[in-house]
Amino acid sequence: MTFHFTRTTTGATLLPRGLADSIPFSSAKLPEILSRLTIAPDSVQAETMKKILLECEEPAIDGETRYCASSVESMVDFSTFSLGTRNVEALSTTVDREAPPKQVYSISKVQKLPSSKLVVCHGENYAYAVFHCHTACAEAYKVSMVGKDGTKVEAVAACHTDTVGFSPEHVAFKMLHVKPGTVPICQFQPQNDVVWTSNKLSILPLKMVV
């Protein structure tokens with residue numbers, strides 16, 4: 001299969017919770033945010049940040065919970081609370097070389113993960129590291145593959161088995177020429193995205209602090 005594995009962020013690190021919580025994170029306070037981070041209001045970066053803040057404030061679709069995490073602690077809290085257990089595993093797609101080209105890959109191994117509920121955190125190009133996380137009833141897989149040029153990839157794939165509530169304008173439906181609710185939709189996660197899955201079906205009483 002032909003793939004192009006890319007990074008979704010510039011590689012910025014997540015801030016400690018104390019520092020992240022001291023910076024406003026709201027589209028209504030964008031002028032204050034830009035001023036504190038010394039970013040020009042008419043810059044491309046400012047427009048990108050505004051778009052991300054608005055996306056973070058959009059309501060979730062039925063059966064889904066969303067949260068934008070700007071610290072390691074808040075991402076862990078949201079993921080463990082959503083999965084109902086502290087026994088979790090964080091997975092990301094890894095590639096053994098920088099900037100591999102779009103090319104044909106041969107799949108050598110596929111391992112299905114036991115959990116049917118995931119938390120998927122997508123990296124955003126914010127001024128500092130922000131991950132747009134959401135819950136998903138999906139099947140997850142670890143996929144080993146090798147590119148034509150020898151690039152080795154350990155990819156994470158998520159397959160949404162119920163897409164009834166998805167927007168028909170989603171790029172996946174346009175690319176595959178199918179409609180929501182008809183077939184499962186699978187995608188390989190880009191580098192920098194994080195997929196959280198439970199290691200076992202253990203339910204613990206948790207308090208979410210985000």
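Could you go through region 163-177 and let me know if any residue there is assigned to a loop (DSSP other than H, G, I, E, B), under 30 Å from residue 43 (Cα atoms) and acidic (Asp, Glu). Yes, region 163-177 has at least one match. Can you find, within region 1-23, the residue that is modelled with the lowest pLDDT among those that are closer than 30 Å to residue 108 by Cβ and assigned to a strand (DSSP E or B)? For region 1-23, the residue satisfying everything is 7. The single condition among (1) under 25 Å from residue 12 (Cβ atoms); (2) assigned to a loop (DSSP other than H, G, I, E, B) that residue 183 does not satisfy is (1). Scanning for something in contact with a Ser or Thr (Cβ under 7 Å, 6 or more places away or on another chain), of a type outside the set (Asp, Glu) and free of Cβ contacts under 8 Å to residues at least 40 places away in the same chain, does region 52-61 turn up at least one residue? Scanning region 52-61, I find at least one residue that is in contact with a Ser or Thr (Cβ under 7 Å, 6 or more places away or on another chain), of a type outside the set (Asp, Glu) and free of Cβ contacts under 8 Å to residues at least 40 places away in the same chain, so the answer is yes.
Screening residue 123 against (1) surrounded by fewer than 18 Cβ atoms within 10 Å (Cβ to Cβ); (2) in a strand (DSSP E or B) leaves a single unmet condition, (1). In region 1-23, the residues that are surrounded by 10 or more Cβ atoms within 10 Å (Cβ to Cβ) reach residues that are modelled with pLDDT of 90 or more and among the acidic types (Asp, Glu) with C-beta atoms within less than 7 angstrom, at least six apart or across chains, in these pairs: 8/193; 9/124; 17/73.
Could you tell me whether any residue of region 92-104 is modelled with pLDDT under 90, among the acidic types (Asp, Glu) and within 25 Å of residue 199 (Cβ to Cβ)? Within region 92-104 (the criterion being modelled with pLDDT under 90, among the acidic types (Asp, Glu) and within 25 Å of residue 199 (Cβ to Cβ)), the answer is no, since none of the residues qualifies.
A quick yes/no check of all residues on (1) under 24 Å from residue 160 (Cβ atoms); (2) under 20 Å from the mean Cα position of the chain (by Cα):
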position	(1), (2)
15	no, yes
18	no, no
53	no, yes
95	yes, yes
105	yes, no
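If you go through region 130-138 one residue at a time, do you hit one that is crowded, with 21+ Cβ neighbours inside 10 Å, small (Gly, Ala, Ser), modelled with pLDDT under 95 and under 21 Å from residue 62 (Cβ atoms)? Looking through region 130-138, at least one residue is crowded, with 21+ Cβ neighbours inside 10 Å, small (Gly, Ala, Ser), modelled with pLDDT under 95 and under 21 Å from residue 62 (Cβ atoms). When 47, 98 are checked against the criterion of being exposed (fewer than 14 other Cβ atoms within 10 Å of the Cβ), among the acidic types (Asp, Glu) and over 22 Å from residue 130 (Cβ atoms), a single residue qualifies: 98. Candidates 107, 39, 52: the one that is over 25 Å from residue 135 (Cα atoms) and touching a strand residue (DSSP E or B) at 6+ places or on another chain (Cβ under 6 Å) is 107.
Taken together, 156, 104, 120, 130 contain a single residue that is under 18 Å from residue 87 (Cα atoms), touching a residue at least 60 places away in the same chain (Cβ under 8 Å) and among the aliphatic types (A, V, I, L, M), which is 120. If you go through region 56-75 and keep only what is in contact with a strand residue (DSSP E or B) (Cβ under 8 Å, 6 or more places away or on another chain) and buried (at least 16 other Cβ atoms within 10 Å of the Cβ), you end up with 56, 66, 67, 68, 69, 70, 71, 74, 75. Restrict the check to region 180-203 and report whether at least one residue is of a type in the set (Asp, Glu), under 17 Å from the mean Cα position of the chain (by Cα), surrounded by 18 or more Cβ atoms within 10 Å (Cβ to Cβ) and at pLDDT 85 or above. Yes: region 180-203 contains one or more residues that are of a type in the set (Asp, Glu), under 17 Å from the mean Cα position of the chain (by Cα), surrounded by 18 or more Cβ atoms within 10 Å (Cβ to Cβ) and at pLDDT 85 or above.
The values are calculated or read from the model by the stated rules, or taken from the named source; none is laboratory data. Keep in mind that what you see is a predicted model, and the values were worked out from it rather than measured. A quick note on method: Cβ atoms are made from the backbone with ideal geometry, for glycine too, and the neighbour counts reach across all protein chains shown.
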